[in-house]
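Colleague: Before we start, here is the structure in question, set down as structure tokens.
Every read-out reported here was derived from the displayed coordinates using simple, explicitly stated rules and does not represent laboratory data. The model shown is predicted, which means the values in this text are computed figures rather than measured ones. Counting neighbours? That spans all protein chains shown, and the Cβs are built from the backbone with ideal geometry, glycine included.
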Amino acid sequence: MTCKYSSFGCDIEDDEHEEKKPIKHLTLVNDEMRVMRNTLEQLTKSESVMLSDFSDLRTRANGILSREFPQLLWKVENWNEKQMAAKLRLEPWVLSPEFSSEAFGYRMISMVAPYGFDKSFGNAFSVFLQILPGQFDPLLKWPFDKKITITLYDQREQLLKRKNYQYELSCSKIDGGDGKGDGVHFRRPTGDKPNAPFGCELFCPLNAVTESSYVKDDSILIGIQVS
């Protein structure tokens with residue numbers, strides 16, 4: 001008769017040995033439990049390593065995406081019409097779709113003044129941004145201190161001849177110049193009110209836009225990269 005402890009390693013086939021060898025059987029069961037416990041510990045460690053590796057890969061992927069691609073790629077269509085409306089002060093601003101600085105990041109929006117704003121009116125078009133209240137604000141670092149790069153894309157077909165127009169925004173220079181960035185632009189939004197807009201008033205000369213390949217099919221392409 002096969003011993004009921006055979007699965008634990010007992011190879012004795014004797015009807016009465018189960019009562020005669022209790023210590024042997026307890027030892028076999030204990031050894032098997034020790035092996036199972038060690039296996040479980042190894043699986044737990046492997047799971048932790050896999051989760052850590054996944055988190056690291058996700059962080060690297062987000063970093064690569066943030067370096068290579070803008071969080072907002074905005075096609076502003078009917079540019080001539082929008083510029084004329086801005087010139088006549090009928091619609092001085094064009095708003096972009098909302099976007100996020102990253103997954104679960106800062107909620108933002110961009111805006112363009114096609115014919116300029118304030119001192120740049122009639123000379124250069126302006127690009128501004130605004131931080132909106134977001135559902136992940138309690139988890140984010142405040143004040144906002146990211147670097148923002150605004151790009152006007154050259155749309156000519158010859159790739160090697162393209163010369164994108166770029167401008168980098170410095171939070172410390174905008175909010176008082178003290179490096180704290182704790183003013184009305186970069187603090188955490190309160191309630192449902194967005195922060196004050198910030199950006200570049202003299203972004204790109206109007207003649208540089210109209211007399212170049214930045215406009216194609218009556219549209220311009222603007223990229224906003226937050227890093």
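Colleague: Taking the Cβ of each residue in Tyr153, Tyr165 as the centre, tally the other Cβ atoms inside 10 Å and list the residues starting with the fewest.
Modeller: Starting with the residue having the fewest Cβ neighbours, the order is Tyr165, Tyr153.
Colleague: Within a Cβ distance under 13 Å of Glu91, other residues only, what is the Lys/Arg minus Asp/Glu net charge?
Modeller: +2
Colleague: Now, a different point. Could you give me the ³J(HN,Hα) list for region 87-99, computed from phi with Karplus coefficients 6.51, -1.76, 1.60 and θ = phi - 60°, whole Hz, x at Gly and Pro?
Modeller: 4, 7, 6, 7, 9, x, 10, 10, 9, 8, x, 5, 8
Colleague: Could you tell me the calculated FRET efficiency between Phe69 and Glu157, based on Cβ-Cβ distance and R0 = 22 angstrom, to the nearest 0.05?
Modeller: With a Förster radius of 22 Å, E is 0.55.
Colleague: Okay, next question. From the backbone phi of region 122-136, what are the Karplus-calculated ³J(HN,Hα) couplings (6.51 cos²θ - 1.76 cosθ + 1.60, θ = phi - 60°) in whole Hz, Gly and Pro given as x?
Modeller: Residue by residue, region 122-136 yields x, 10, 8, 8, 10, 10, 10, 10, 8, 8, 9, x, x, 6, 9 Hz.
Colleague: Which part of region 188-203 falls in the paramagnetic zone of Glu102, meaning amide N under 18 Å from the point 7 Å along Cα-to-beta-carbon?
Modeller: 188
Colleague: Can you tell me which of 106-113, 129-136 comes out highest on packing, and rank the rest after it, using the mean Cβ neighbours within 10 Å?
Modeller: Highest mean packing first, the order is 106-113, 129-136.
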